[in-house]
Amino acid sequence: MSHHEHDHEPDRRFDPEHVARLDAPERALSIPPAAIVAAVAPRPGEAIADLGVGTGYFLWPLVEALAGEGRFYAVDSSPVMLDHLRARAAAHPLGARVTPVLSSDGQVPLEEGSLDALVLGSVYHELTQRPAFLRSLRRLLRAEGRLLVIDWRPLAEGEERVAGPPADHRLAEAQVRAELEEAGFAVASHPEHFASLYTLLARPGARPRS
Ligand SMILES: C[S@@+](CC[C@H](N)C(=O)[O-])C[C@H]1O[C@@H](n2cnc3c(N)ncnc32)[C@H](O)[C@@H]1O
């Protein structure tokens, strides 16, 4: 599944067979749940979507931080991953607060202008057809909403990969920032909360240039 071609773009999507990696306890070393909450800064009552939710590694700390006081959308393009998310929700005391959403072919079936926060945790590097997709994500946000991209830094020369995606899947922060700006986002600097990942805070400020 991970080597199919899609419109000449390599398919870098996470293989659901490796789902256990998403819940490995050592993940808390590179991505501490408290740092997720600090980066997203969720407020009670907000509508928050986690795109590329997997089992909800990024989403559950946000749900718990608000004690379920918000609207939470768990979005994934993989029906298998969404089944894992549903199982997790069934076992979680606040699981009923989370709405699973299956997206397909770059279509996220959420209402335009409805989201306060959209979180892309360790998924940006998997996205295809990004110019059009990012513009569609921008339309999902309220005018004062925010998009958080949290993704893996490229490895330094000679650096060994201890976690995260393969070296050749990683995108430089500057490239991601430029793509977001091209899609019409105003990208603000964001204090660092993670050692191996960068965090970009993008707001649907400017108009798309195309
Ligand atoms: C590396 S996993 C990360 C999952 C989760 N965010 C985490 O950090 O544990 C990437 C997830 O994004 C999903 N995904 C990839 N491309 C997507 C897209 N265009 N739209 C929605 N989900 C996508 C994959 O199916 C997979 O579940």
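Each reported figure results from applying straightforward, stated rules to the coordinates on display, with no laboratory input. Quick caveat, the model's predicted, so the values are computed rather than measured. Note that each Cβ is placed from the backbone with ideal geometry, even for glycine, and that neighbours are counted across all protein chains shown.
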query = How much FRET efficiency would the formula 1/(1 + (r/R0)^6) give for Glu9 and Ser136, where r is the Cβ-Cβ distance and R0 is 22 Å, rounded to 0.05?
reply = 0.85
query = If you plug each phi of segment 76-91 into the Karplus form 6.51 cos²θ - 1.76 cosθ + 1.60 with θ = phi - 60°, what whole-Hz ³J(HN,Hα) values come out, in order, with x for Gly and Pro?
reply = 8, 8, 9, x, 5, 5, 5, 5, 4, 4, 4, 4, 5, 5, 4, 9
request  = Net charge near Asp83: determine it from the other residues with C-beta under 14 Å of the C-beta of Asp83, scoring Lys and Arg +1 and Asp and Glu -1.
outcome  = 0
note = Only helices counted: for the chain, with every DSSP H run of 4 or more residues adding -39500 (n - 2.57) and the sum spread over all residues, [θ] at 222 nm is -7500 deg cm²/dmol
Pairwise FRET efficiency - Ala90 versus Gln175, Cβ, R0 = 35 Å, nearest 0.05 = 0.35
inquiry  = At a 10 Å Cβ-Cβ cut-off, how would you order Arg97, Arg146, fewest neighbours first?
reply    = Arg97, Arg146
Mean Cα-pair separation over length for segment 29-203, i.e. relative contact order, pairs under 8 Å, 6 or more apart, % = 21 percent
query = What nm value, rounded to one decimal, do you get for the distance between Ser114 and Ala34 when each label is placed 7 Å out toward the C-beta?
reply = 3.5 nm
note = For Val101, the residues 5 or more places away or on another chain with a placed amide H closer than 5 Å to its own amide H are Ala74, Val75, Asp76
ask   = Under a Cβ-Cβ cut-off of 13 Å, what is the net charge of the residues other than Leu200 that fall near it, where Lys and Arg count +1 and Asp and Glu count -1?
value = -1
query = On the first, second and third principal axes, largest extent first, how far apart are the outermost C-alpha atoms of the chain in Å?
reply = 43, 39, 34
remark   = Of Glu26, Glu157, Glu144, the most mobile residue in a GNM of the chain (C-alpha springs, cutoff 10 Å) is Glu157
